[in-house]
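Encoded as structure tokens, the structure appears first; notes follow it.
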Ligand SMILES: Cc1ncc(COP(=O)(O)O)c(C=O)c1O
């Protein structure tokens, strides 16, 4: 097994904490500890003040799994496993798959959704979007999935394109998995980051026996620093096996993070709503910016989530563009090819409050470069 470097994470490691501005982050601004504790009720504050800093349960403490369970009406506590999202992906793929197994995964994607299955030695086919509008068509997926397919991997709202499915399209995807009796791993990290008026998709673990849903605090809530995620599946034995694999990784979650995550989930709307409003405002602003720079960018506004993949109409590669941008302005952006996308594209993230200021500086950079 050989894992290639995680290109996106290495580029973030180089610039994220030194660049002045972040144009491509997929998470929303991180809330402060005081914001979270300010909404906690007396019982939640008591739990916070009396945390024991020992090990926690491998599955996640019951009070946290109870807070998670409210979002998955069909799930029992034994069908919910707490760990960091990347770890859950890694452990789940290793439990489900071996070399030679056939997998269909979404592409472009957050690298771990392709890299882990490739590193296991699976035969991998890629479900790609329409090149004009960035939408994924279940009919294309149907062509790729066969009787011997072990796993389909999806991610909606989609990072990086911001593509989303209608409930009917998700039903089609579930039907394709069911028809071929394969697992359906759904990375739902951007769950609930859906604009008003767009129908929210249900977690696939609610829709299908072999559906596996993963969500966490990083994106929708703006609490990436908690490092908390969870996996939900109707197959209790599968969840137990993933937990047992995880004994070789983090083993259990941090006790303070568990308490804070439960508080965040119990007051979800308080944290989610401002994130959705910020994203909506920034998308509108960016649309105006793209119009002002006619011909330079091809932008399909995201249907959901916090990011879009923006095509660049210029002579540089996207990596050259990003390197020049960060060196000359302090704005960090990330190239689309880190997600397996077009050479000439960048990801734009809409979840940051200083987005208008970043656009002003980007405007100067582009104007000077003319
Ligand atoms: C689609 C997707 N899955 C998983 C992750 C990993 O989430 P976390 O950073 O909370 O581990 C990310 C992070 O960018 C993501 O975009």
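The values are calculated or read from the model by the stated rules, or taken from the named source; none is laboratory data. Bear in mind the structure is a predicted one, so any value in this text is a computation, not a measurement. Methodologically, a virtual Cβ is constructed for each residue, glycine included, from the backbone with ideal geometry; neighbour enumeration extends over all protein chains shown.
Taking into account only those residues within the stretch 174-191 that are farther than 18 Å from residue 101 by Cα and outside any loop (DSSP other than H, G, I, E, B), which is nearest to the ligand (Cβ to nearest atom)? The qualifying residue nearest to the ligand (Cβ to nearest atom) is 187. Scanning the stretch 6-26 for residues that are within 16 Å of the ligand (Cβ to nearest atom), in a loop (DSSP other than H, G, I, E, B) and modelled with pLDDT under 95 yields 6, 16, 17. Inspect all residues belonging to the stretch 45-59 and state whether any of them is more than 16 Å from the ligand (Cβ to nearest atom) and touching a strand residue (DSSP E or B) at 6+ places or on another chain (Cβ under 8 Å). So far as the stretch 45-59 goes, yes, one or more of its residues are more than 16 Å from the ligand (Cβ to nearest atom) and touching a strand residue (DSSP E or B) at 6+ places or on another chain (Cβ under 8 Å). Only one of the numbered conditions (1) assigned by TED's automatic domain parsing to the domain that holds residue 215; (2) surrounded by fewer than 18 Cβ atoms within 10 Å (Cβ to Cβ); (3) in contact (Cβ under 8 Å) with a residue 40 or more places away in the chain is not met by residue 285, and that is (1).
Taking the stretch 219-247 as the range and being touching a helix residue (DSSP H, G or I) at 6+ places or on another chain (Cβ under 9 Å) and away from the ligand (no atom under 16 Å from the Cβ) as the test, the residues that pass are 233, 234, 235, 236, 238, 239, 240, 241, 243, 244, 245. For the stretch 131-158, the set of residues classified as farther than 21 Å from residue 190 by Cα and in a loop (DSSP other than H, G, I, E, B) consists of 131, 132, 145, 146, 147, 148, listed by residue number. If you scan the stretch 251-287, which residues turn out to be assigned to a loop (DSSP other than H, G, I, E, B) and in contact with a helix residue (DSSP H, G or I) (Cβ under 6 Å, 6 or more places away or on another chain)? Once the filter is applied, which keeps residues that are assigned to a loop (DSSP other than H, G, I, E, B) and in contact with a helix residue (DSSP H, G or I) (Cβ under 6 Å, 6 or more places away or on another chain), the stretch 251-287 yields only 267. When the test is whether a residue is surrounded by 24 or more Cβ atoms within 10 Å (Cβ to Cβ), in the same structural domain as residue 65 (by TED's automatic domain parsing), over 30 Å from residue 226 (Cβ atoms) and at pLDDT 95 or above, residue 104 passes it. Test residue 40 against the stated conditions and say whether it is in contact (Cβ under 8 Å) with a residue 60 or more places away in the chain, surrounded by fewer than 21 Cβ atoms within 10 Å (Cβ to Cβ) and in contact with a helix residue (DSSP H, G or I) (Cβ under 6 Å, 6 or more places away or on another chain). So residue 40 passes the test.
Residue 164 satisfies every condition listed in (1) in contact with a strand residue (DSSP E or B) (Cβ under 7 Å, 6 or more places away or on another chain); (2) not in a helix (DSSP H, G or I) except (1). Note on the stretch 78-128: among residues that are part of a strand (DSSP E or B) and within 22 Å of residue 64 (Cα to Cα), the one that is farthest from the ligand (Cβ to nearest atom) is 80.
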